[in-house]
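Novice: Below: one structure in structure tokens.
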Amino acid sequence: MFARRAASFATSLRRLPAAAVSPVSPSFGQVAAALASRRAVFPREASPRASSISTPKSENIVWSDSLLSTEERLAMTGCKGATLWLTGLSGSGKSTVSSVLEKKLIERGVLAYRLDGDNVRMGLNKDMGFSKADRVENIRRIAEVSKLFTDCGIVTLTSFISPYREDRDRAREIFEKDGLLFMEVHVDVPLDVAESRDPKGLYKKARSGALKNFTGIDDPYEAPLKPELVLKTHDFSVDECADQALEALRKCGVSIPENPV
Ligand SMILES: Nc1ncnc2c1ncn2[C@@H]1O[C@H](COP(=O)(O)OP(=O)(O)OP(=O)(O)O)[C@@H](O)[C@H]1O
Ligand SMILES: [Mg+2]
């Protein structure tokens with residue numbers, strides 16, 4: 001079974017553009033042999049991930065190590081994962097920019113995936129409401145899932161208002177303690193611009209009193225203090241904003257070809 005998975009991995013590696021594959025990758029034969037015999041190509045000394053996990057509710061659980069560390073995975077696949085955490089007012093353009101950005105990345109042969117506010121609340125987080133405790137748990141789960149995607153080598157684009165600095169800082173912590181790339185992206189527009197766009201009609205509802213605790217109206221938005229990137233969607237087009245994000249990713253070591261492949 002391992003040999004079959006390894007063979008399909010080899011096929012998918014061949015499909016990746018040359019620019020996305022590290023020239024220092026170990027030979028595929030090495031990897032396949034290691035997987036087949038269930039022993040690591042690289043020496044593994046400890047269980048670094050186990051120590052970084054906050055105290056779980058259940059007892060009698062034991063961390064199971066992968067045969068590959070994040071670095072080893074990167075060396076073999078050439079796919080460097082990252083999470084772009086888009087935060088900003090409703091209507092600032094998080095979903096719009098992340099959709100275009102995802103497409104640009106995929107067109108360039110870079111694995112990318114969006115985790116978007118309402119979509120996640122329809123599935124993974126359908127048990128979450130908008131109380132303070134639920135908002136905190138909503139963000140924690142999203143951060144944990146994006147961390148897994150990032151570890152897997154995917155450029156993950158999260159689009160959540162995530163209005164509280166404390167929650168975003170906690171999300172960052174989840175990545176940084178495992179040495180994974182987290183970039184806070186402030187999708188920054190004045191409230192009057194977001195309100196004039198009002199793509200979901202939520203500002204109208206909030207102003208009429210039909211919607212309570214709406215960020216920017218009767219609930220605060222705490223702007224990031226030191227975001228890795230600021231996208232001013234009232235000054236730049238969607239396309240330009242997506243290009244600015246591509247550039248920021250490149251600066252952080254994600255290899256992205258200039259043109260679609
Ligand atoms: N440069 C731009 N970048 C992004 N969106 C823009 C831009 N210019 C205009 N828009 C418009 O602004 C609106 C942004 O809506 P969008 O749903 O992306 O916001 P959001 O931040 O995801 O909001 P929510 O938090 O409610 O999901 C869209 O109607 C989009 O067409
Ligand atoms: Mg959105």
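None of the figures in this text is laboratory data; all of them are computed from the coordinates on show. Bear in mind the structure is a predicted one, so any value in this text is a computation, not a measurement. Here the Cβ positions follow ideal geometry from the backbone for every residue, glycine too, while neighbour counts run over all protein chains shown.
Novice: Spelling out what I want: for every residue of the range 197-207, take phi, set θ = phi - 60°, compute 6.51 cos²θ - 1.76 cosθ + 1.60 (Karplus), and round to whole Hz; glycine and proline get x.
Specialist: After applying 6.51 cos²θ - 1.76 cosθ + 1.60, I find 6, 5, x, 9, x, 7, 5, 4, 4, 5, 5 Hz.
Novice: Also, I was wondering about something else. Using Cα positions and a limit of under 13 Å, work out the aspartates and glutamates in reach of Lys177, with same-chain residues fewer than 8 apart set aside.
Specialist: Once the sequence-local aspartates and glutamates are set aside, what remains near Lys177 is Glu144, Asp151, Asp169.
Novice: Obtain the nm distance between the two label points defined at Asp134 and Glu222 by a simple spin-label model: each point lies 7 Å from its Cα along the Cα-to-C-beta direction.
Specialist: 2.1 nm
Novice: Sequence-distant or interchain residues sharing an amide H contact under 5 Å with Glu184, placed H: which?
Specialist: Distant-sequence amide H within range of Glu184: Trp85, Glu228, Leu229.
Novice: Right, here's the next one. How would you rank 191-198, 148-155, 84-91, highest first, on the average number of other Cβ atoms within 10 Å across their residues?
Specialist: 84-91, 148-155, 191-198
Novice: Take every DSSP beta bridge whose two residues both sit in the range 79-251, then give the antiparallel share in percent to the nearest 5.
Specialist: In the range 79-251, approximately 0 percent of DSSP beta bridges are antiparallel ones.
Novice: Once you charge only the Cβ atoms, +1 for Lys and Arg and -1 for Asp and Glu, what is the size of the charge dipole of the range 79-251 about its Cα centre, to the nearest 20 debye?
Specialist: For the range 79-251, the charge dipole is close to 280 debye.
Novice: Once fully extended, how much extra length lies between Asp239 and Lys126, figured as 0.36 nm per residue of separation less the alpha-carbon to alpha-carbon distance?
Specialist: So the chain would gain 37.5 nm between Asp239 and Lys126.
Novice: Whole-Hz ³J(HN,Hα) for each residue in the range 219-229, computed from phi via Karplus 6.51 cos²θ - 1.76 cosθ + 1.60 with θ = phi - 60°, x for glycine and proline: what do you get?
Specialist: Values, residue by residue: 9, x, 10, 9, 5, x, 8, 9, x, 6, 8 Hz.
Novice: Further question: Multiply the residue separation of Lys204 and Leu191 by 0.36 nm, subtract the distance between their alpha-carbon atoms, and state the gained length in nm to one decimal.
Specialist: Between Lys204 and Leu191, full extension yields an extra 3.4 nm.
Novice: On alpha-carbon atoms, Rg over Rh for the range 79-251 using Kirkwood Rh?
Specialist: So for the range 79-251, dividing Rg by the Kirkwood Rh gives 0.95.
Novice: With each pseudo-label sitting 7 Å past Cα toward Cβ, what's the Glu107-Leu148 distance in nm, one decimal?
Specialist: Going by the 7 Å Cα→Cβ label model, 3.1 nm.
Novice: Counting other beta carbons within 10 Å of each Cβ, put Ile61, Ile256, Ile161 in order, fewest first.
Specialist: Ile61, Ile256, Ile161
Novice: Exposure proxy check: Cys79, Cys252 ranked by fewest other beta carbons within 10 Å?
Specialist: With the sparsest Cβ surroundings first, the list reads Cys252, Cys79.
Novice: I would also like to ask the following. Name the residues whose placed amide hydrogens come within less than 5 Å of the amide hydrogen of Leu111, ignoring near sequence neighbours (fewer than 5 apart) on the same chain.
Specialist: Val155
Novice: Additional query: Could you give each residue of the range 237-251 its phi-based ³J(HN,Hα) in whole Hz, using Karplus coefficients 6.51, -1.76, 1.60 with θ = phi - 60°, and x for Gly or Pro?
Specialist: Values per residue, Gly and Pro as x: 6, 4, 4, 5, 5, 5, 5, 5, 5, 4, 4, 4, 5, 4, 4 Hz.
Novice: Report the label-to-label distance for Asp65 and Leu211 in nanometres (one decimal), using points 7 Å from each Cα along the Cα→Cβ vector.
Specialist: Result: 4.9 nm between the two label points.
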